[in-house]
Amino acid sequence: MRVAIIGSGGIGRGYAAYLAGQGHQPVIWSPSGAALADFAGNAPLTVTGKIEGSLPLAVAPDCAGAVDGAEVVIVAVQANGFKPALDELARHLGAGQAVIISAHCSFAALYLHRLLVERGLDLPIAAWATTALTARKSGPRSVHISGIRAKLDVATLPARLAGQGLGICRALFGDRFEPREDVLAIMLSNLNPPAHMANMLGNLTRAEKGEDWPNYGSITQGVGRIVDAMDVERLTLAKAFGLSVRSVQDHYVHSFGVAPGPVGEMAAAVYATRPELLGPKTLDTRFITEDVPFGLVPLELLGAVAGVAMPLHQAGIALFDAICGRDFRAENDILPALALGSLDPAALHRLLRDGC
């Protein structure tokens, strides 16, 4: 299949390498235009880690060129780039195409669905709770793939197209997907925001000073207890909406194959096998600038709608507002466009299931 990948960061490049190896035809569009410069003159993509090799990388000059003829479009930009990327993507999608959002956060599927409805389009939008692999740019024309997940949760908006969404995901990435009830279940299954928040708080000065520090190796027992406590809030919120989602322990077991236990112990087991994974060396990192406004803030909104207290999530937002001197609630540009705060829980859940 021809697959358009929106985003040329580590995840977008990793998907291109994986899909090319499976016989598909990926083409990348970088909303920033960086990929055109990086791969000028048909320079190949060098891949290391779980996949090794060098491959030609098709780069489209614009969104229209990437989407034209594609059967599937994968959105693989950071959350703070979702809205402009989705605004542009919605202009070029057509009947018969499908969209995958990797990884979903902050009602992005609902936002794109509304844009498509305005154009009279009814397309499956598959939302993943996290990415299918872990990868980072290791140079201007290279990517290092450190892991490929064995299990991944997926839901489709609208839910009546779930079969199509699941089928597309499996056709591209194999039988690693487990369907969830709806996109709300996916939103409540994204464990990166609380984990990243806790780890950044525990290693704040190391990041700010630009020091090397191990990501999983720095999730100590104390940091792990913050993650565990925030997980209680998330699971309580899911229960208020009548949903059952994976615990943070389930996530570690499914993603890393470690034995269940307190998060600090599970993280130490991950660190023993993947010590090369380092934490951010700056406060200007997606662990904060993406996960606070587009991860914690939407959960705060869901808690307000459902009447569930989220004190640790709210404290995390307030702390990082103070640490970074920013208003992270105001930096979420998707929520104001959706105006969801006045809905009751049933109406909001219906929107995230049916799109209307």
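Below 12 angstrom from the Cβ of Leu116, what's the summed charge of the other residues (Lys, Arg +1; Asp, Glu -1)? That works out to 0. Cross-link reach is defined here as a Cα-Cα straight distance under 17 Å, omitting same-chain residues fewer than 8 places apart; for Lys151 the lysines meeting it are Lys50. The tail of the calculated P(r) for the chain beyond 27 Å holds 44 percent of all Cα-Cα pairs.
Using a probe of 1.4 angstrom and keeping all protein chains present, the accessible surface of region 130-178 works out to 39 square angstrom per residue. Between Leu152, Leu278, Leu45, the Gaussian network model of the chain with springs among Cα atoms under 10 angstrom shows the greatest mean-square fluctuation at Leu278. Once you have a ≥ b ≥ c as the square roots of the Cα gyration tensor eigenvalues for region 227-289, tell me rounded if a/c is under 1.5, and otherwise prolate or oblate according to whether a/b is larger than b/c. Cα axes put region 227-289 in the oblate bin. Which of the helices in the chain, when you take each full DSSP H run, stretch at least 20 Å along the axis at their Cα atoms and have an average Kyte-Doolittle score of 1.6 or higher? Span-like helices, by this rule, are absent here.
Between Gly303, Ser142, Ser189, the Cα set farthest toward the positive side of the dipole of the chain (charges on each charged residue's Cβ, about the Cα centre) is that of Ser142. Summing Cβ point charges (Lys, Arg +1; Asp, Glu -1) relative to the Cα centre of the chain gives a dipole of roughly 480 debye.
Taking the protein heavy atoms of the chain in the context of the full set of protein chains, the accessible area attributed to carbon and sulfur is 53 percent at 1.4 Å. For region 295-356, what class follows from the C-alpha gyration tensor (a ≥ b ≥ c being the square roots of its eigenvalues): rounded when a/c is under 1.5, otherwise prolate if a/b is larger than b/c, else oblate? Oblate, because a/c is 1.5 or more while a/b does not exceed b/c. Using the Cβ of Val154 as centre and a radius below 14 Å, the other residues enclosed give a net charge of +1, where K and R count +1 and D and E count -1.
Local charge for Gly10 was computed over the other residues whose Cβ lies under 9 Å away, with Lys and Arg +1 and Asp and Glu -1, and equals +3.
Could you tell me which of rounded, prolate or oblate describes region 146-299, using a ≥ b ≥ c as the square roots of the eigenvalues of the alpha-carbon gyration tensor, with rounded for a/c under 1.5 and, failing that, prolate when a/b is larger than b/c and oblate otherwise?
The shape class here is prolate.
Separation of region 309-353 from region 1-50 is 32 Å, based on Cα centroids. With both residues required to sit in the chain, DSSP beta bridges show an antiparallel share near 35%. Sites listed here are trypsin sites (Lys or Arg not before Pro) in region 43-124 whose DSSP assignment is loop and whose Cβ has at most 16 other Cβ atoms within 10 Å: Lys50, Arg119.
The residues of region 284-356 expose on average 41 square angstrom of accessible surface per residue, using a 1.4 Å probe on protein heavy atoms. Across the chain, the longest run free of exposed loop sites, meaning GluC sites (Glu not before Pro) lying outside DSSP classes H, G, I, E and B with no more than 13 other Cβ atoms within 10 Å, spans 53-210. Rounded to two decimals, the Cα radius of gyration of region 63-173 over 2.2 N^0.38 Å is 1.06. Within a straight-line Cα-Cα reach of under 12 Å, Lys83 can be paired with the following aspartates and glutamates, leaving aside sequence neighbours fewer than 8 residues apart in one chain: Glu331, Asp333. What share of the DSSP beta bridges in region 32-170 is antiparallel, in percent to the nearest 5? Here the antiparallel bridges make up roughly 55 percent for region 32-170. Taking all protein chains into account, the per residue accessible area for region 208-283 stands at 47 Å² (1.4 Å probe).
The values are calculated or read from the model by the stated rules, or taken from the named source; none is laboratory data. All values derive from a computational prediction rather than experimental measurement. Ideal geometry is used to build each Cβ from the backbone, glycine not excepted, and the neighbour counts take in all protein chains shown. Note: accessible area is taken over every heavy atom of the protein model, side chains too, but ligands, DNA and RNA are not part of it. Shrake-Rupley method; radii C 1.70, N 1.55, O 1.52, S 1.80 Å.
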